[in-house]
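Here is the structure we will look at, set down as structure tokens.
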Amino acid sequence: MKRYIFRAIIAAMTGIFLLLSFVSCGKAGYQYNNLISEEDMTELSEIMVSAGIPDLDAGAVLEYVNIHSNSDFAKESLAGGWQQTAKSYQKIYDYTDALTKYTKRGFEDINCRQAAFIVYHSFFQAQESDKLMEQKESRELPEYLKGEAYKYEILFGPIQMDGTVENTVLNAWRSNGAVFGEGSAHLVSLWGVNDGMVANYHAGLMFEAEEGVLFFEKTDPILPFQLSHFTSMDEIKSYLLGREGVPDQNAVFIDDRPF
């Protein structure tokens, strides 16, 4: 009898061990690349070529990526190649350190929306209008894109809250004749409420991959560019909603499709 009890205990312990092994082997988080080496930037370039991004636009955003890769923060604080996080959203960068280094030796920089627009603008069409008020961000676009500032304002400009965040954004896009292109490059945007206005909180480009999806972004002003690999679009949503300062009233879009 004791022998059978001993065997049962061993079997139970083995089952628990296997379960714990399975859990520990499962990878949480996501993989990311800070695009600081020539090899990393070549990988991004090839992804954009495969997605049909025009050479002029790919070259323009890669120029900014290269500028950041030569910053003091990138050289001293970032690692080349692919890295793995432990959480769906993980604070990776020390903004205070980045700002200190930027103050000592600045560089030409852009934010997430500007980076996304440079890459995506050729896939997006809208009705040209002189009624839109140009914001500082659109005036800072590369010279060759200044004539498309109206498209930037339609895509990312603040909107007076009218119903839900989702409906407010969709109605604004529709009223301005927004048309999002179909292909393997997609605009991902995060919106939220700020003082009665619906504002864009983050934007990046999603590219289809053989296993999952790739997400290219400028993480924040002064902070690095980042190419991330997610196994699903739901993981991108969790990543975006994990960012600091995202309001409770929010919406995430892939092109003009809420998800």
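Residue-wise test of (1) open to solvent by less than 70 Å² (accessible area, probe 1.4 Å); (2) outside any loop (DSSP other than H, G, I, E, B); (3) not hydroxyl-bearing (S, T, Y).
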position: I53; (1), (2), (3): yes, no, yes
position: D57; (1), (2), (3): yes, yes, yes
position: I67; (1), (2), (3): yes, yes, yes
position: S88; (1), (2), (3): yes, no, no
position: K91; (1), (2), (3): no, no, yes
position: D97; (1), (2), (3): yes, yes, yes
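Yes or no: G29 modelled with pLDDT under 95 and part of a helix (DSSP H, G or I)?
On the way: modelled with pLDDT under 95: yes; part of a helix (DSSP H, G or I): no.
So G29 does not fit the description; no.
When you look at T168, is it over 17 Å from E217 (Cα atoms) and at pLDDT 95 or above, yes or no?
Taking the combined requirement at face value, the residue satisfies it.
When the residues of region 226-245 are narrowed to those that are in contact with a Gly (Cβ under 7 Å, 6 or more places away or on another chain) and open to solvent by 30 Å² or more (accessible area, probe 1.4 Å), which ends up nearest to F180 (Cα to Cα)?
Ranking the qualifying residues of region 226-245, first place goes to S232.
Would you list the strands (runs of 3 or more DSSP E) that sit entirely within region 105-224 and hold 2 or more residues that are small (G, A, S) and either crowded, with 20+ Cβ neighbours inside 10 Å or at negative phi (or both)? Before you say what the answer is, go through the steps one by one.
Details: elements: 185-194, 197-208, 213-218.
Fully inside region 105-224 and qualifying: 185-194, 197-208.
The values are calculated or read from the model by the stated rules, or taken from the named source; none is laboratory data. Because the structure is predicted, anything quoted here is derived from the model rather than measured. Note: ideal-geometry Cβ built from the backbone for every residue, glycine included; neighbour counts use all protein chains shown. Quick note on the areas: whole protein, heavy atoms, side chains included, nothing else; ligands and nucleic acids left out. Shrake-Rupley method; radii C 1.70, N 1.55, O 1.52, S 1.80 Å.
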